[in-house]
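The values are calculated or read from the model by the stated rules, or taken from the named source; none is laboratory data. These figures come from a predicted structure and were not determined experimentally. Backbone-built Cβ (ideal geometry, glycine too); neighbour counts: all protein chains shown. These area figures cover heavy atoms from the full protein model, side chains too; ligands, DNA and RNA do not enter into them. Shrake-Rupley method; radii C 1.70, N 1.55, O 1.52, S 1.80 Å.
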Amino acid sequence: MGQLGSILPLILLVVVFYFLLIRPQRKRQQEAVQMQNSLTPGARVMTTTGLFGTVVTVDNEDVVLEVAPGIETRWVKAAIGRVVAPGDAPASEDEPVAQETGLDEEGKKESEATVERNGDQDSSTKQS
């Protein structure tokens, strides 16, 4: 009975590791392989390095992606990270990206006044 009491925590630790680490990782890996095997020409994908492209052809272990009109590159299926839905695609270069500065007219005037008070010196270079 004493030996079982000393081995039981080790067994519980193995079971916890299985359900919290090993099993979910296997499930994600199987889903990734299934997604990579179901690639079809015309699908919009993102590689594991973040490159977006459209599948042109699928060979045994290779995928040819068109990353720009007329530019095709060959990738290993394992390098495909996910299939991108049409709403997830990055903004094209034709569309300007609006950036919010968070400053209104008062904020701009306030920052200009701060520069004037500091005498155009950075606060980190001032000496006390």
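Taking the condition of a type outside the set (Ser, Thr, Tyr), open to solvent by 70 Å² or more (accessible area, probe 1.4 Å) and modelled with pLDDT of 95 or more, does Arg74 pass?
yes
For the range 27-57, which residues satisfy the criterion of being more than 19 Å from the chain's Cα centre (by Cα), under 16 Å from Ala78 (Cβ atoms) and open to solvent by 50 Å² or more (accessible area, probe 1.4 Å)?
Once the filter is applied, which keeps residues that are more than 19 Å from the chain's Cα centre (by Cα), under 16 Å from Ala78 (Cβ atoms) and open to solvent by 50 Å² or more (accessible area, probe 1.4 Å), the range 27-57 yields Gln30, Gln34, Asn37, Ser38.
Applying the selection to the range 61-86, what residues are of a type in the set (Asp, Glu) and either under 10 Å from Arg44 (Cα atoms) or in a strand (DSSP E or B) (or both)?
Correct list: Asp62, Glu66, Glu72.
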